[in-house]
Amino acid sequence: MRSVPPVSDELSLRLWPDNWLGPMQLDDEWEQSGPRAIDLGCGKGRFLLAHAAHNPDMRLLGIERKLRRVRKIDRKAVRAGLSNIRLLRLEATYVMRYLIPDAWIDICYVYFPDPWPKDKHVDNRILSPGFLDILERTLSPQGVVHFATDHEPYFEQVCEFLSADPRWVATEPYVLQEDEVSDFELIHRDHKPIHRLSFQRKS
Ligand SMILES: C[S@@+](CC[C@H](N)C(=O)[O-])C[C@H]1O[C@@H](n2cnc3c(N)ncnc32)[C@H](O)[C@@H]1O
């Protein structure tokens, strides 16, 4: 796996897997040996960048499909010397299904995933009963998922399918420091309730 783009000499924290079809050798990518976390749909990266700065031992992988957003986070992370961040510009479900090794993730942040509000698009939501199977494979034995959304129907749907699945137990939400509040939450928190749910694999 290369950490630099193939046509540039600029320092970059983006990952370019050699093999796009099977699990990546992610542990070779970091000097750190601390907890391994994923930010699914990291957006403009406010949370990812601040969380990495507060937790220098943590290994953080940001996944985002919008190229411009990934490039901006990359530049900011390099400038800030945040060597514990890596970035993948890819579709998150694909990454989780095919590229993340078994039991690799200690913490998975899913902050304000696209809610797909129309009934006919609900199946596009990233958190779904099927996604719980992917999480079961990719989370470490005590792995935790932190989910936040401003979209109440999405929140209720997740609560419903989680309570019907005996593999998971609710746990304490992560309490954000002010500079970790994500770009999306920062814009919406004053005029919409924010719903949070954290869950953990049952040991
Ligand atoms: C509403 S924004 C929230 C961003 C960030 N988590 C925050 O709280 O500010 C959702 C982000 O997820 C990205 N995204 C949505 N679906 C995705 C997918 N399937 N794979 C990768 N990124 C995705 C979008 O491009 C967008 O940047």
Item to check | Among (1) touching a residue at least 40 places away in the same chain (Cβ under 8 Å); (2) assigned to a loop (DSSP other than H, G, I, E, B); (3) surrounded by fewer than 18 Cβ atoms within 10 Å (Cβ to Cβ), the one test that Ser12 misses | outcome: (3)
Next on the checklist: Being assigned to a strand (DSSP E or B), touching a residue at least 40 places away in the same chain (Cβ under 8 Å) and among the hydrophobic types (A, V, I, L, M, F, W, C) is the filter here; which residues of the range 118-176 pass it?
Outcome noted: Leu139, Val144, Val145, Phe147, Ala148
Checklist outcome for this item: By residue number, the members of the range 85-109 that are of a type in the set (Phe, Trp, Tyr), over 15 Å from Arg59 (Cβ atoms) and within 11 Å of the ligand (Cβ to nearest atom) are Tyr94
Checklist outcome for this item: Going through (1) within 10 Å of the ligand (Cβ to nearest atom); (2) closer than 22 Å to Pro35 by Cα; (3) assigned to a helix (DSSP H, G or I) one by one, Ala77 fails only at (1)
Item to check | Residue that is surrounded by the fewest Cβ atoms within 10 Å (Cβ to Cβ), among those in the range 110-120 that are modelled with pLDDT of 95 or more and out of contact with any helix residue (DSSP H, G or I) (no Cβ under 7 Å at 6 or more places or on another chain) | outcome: Asp114
Checklist entry - Glu178 is checked against (1) over 21 Å from Glu64 (Cβ atoms); (2) buried (at least 17 other Cβ atoms within 10 Å of the Cβ); (3) of a type outside the set (Val, Ile, Thr) and fails just one. What number does that condition carry? => result (2)
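With the structure loaded, tell me whether Ile134 is modelled with pLDDT of 95 or more, within 16 Å of the ligand (Cβ to nearest atom) and surrounded by fewer than 18 Cβ atoms within 10 Å (Cβ to Cβ) or whether it fails that test. Explain how you work it out, then say what you get.
Values: modelled with pLDDT of 95 or more: yes; within 16 Å of the ligand (Cβ to nearest atom): yes; surrounded by fewer than 18 Cβ atoms within 10 Å (Cβ to Cβ): yes.
In short, yes.
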Checklist entry - Within the range 80-97, can you find the residues that are of a type outside the set (Asp, Glu) and outside any helix (DSSP H, G or I)? => result Ala80, Gly81, Leu82, Ser83, Asn84, Ile85, Arg86, Leu87, Leu88, Arg89, Leu90
Checklist entry - Taking the range 28-71 only, how many residues are touching a residue at least 60 places away in the same chain (Cβ under 8 Å), outside any loop (DSSP other than H, G, I, E, B), surrounded by fewer than 21 Cβ atoms within 10 Å (Cβ to Cβ) and not small (Gly, Ala, Ser)? => result 2
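Residues of the range 110-130 being among the charged types (D, E, K, R) and within 12 Å of the ligand (Cβ to nearest atom), which ones?
Residues satisfying the conditions are Asp114, Arg125.
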Checklist entry - Tally time: how many residues in the range 177-189 are outside any loop (DSSP other than H, G, I, E, B) and either within 13 Å of the ligand (Cβ to nearest atom) or touching a residue at least 12 places away in the same chain (Cβ under 8 Å) (or both)? => result 8
Next on the checklist: Quick check on the range 44-73: of everything there that is out of contact with any Asp or Glu (no Cβ under 9 Å at 6 or more places or on another chain) and away from the ligand (no atom under 12 Å from the Cβ), which residue is nearest to Ser12 (Cα to Cα)?
Outcome noted: Arg71
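The values are calculated or read from the model by the stated rules, or taken from the named source; none is laboratory data. Keep in mind the model is a prediction, meaning the values are calculated, not measured. Counting neighbours? That spans all protein chains shown, and the Cβs are built from the backbone with ideal geometry, glycine included.
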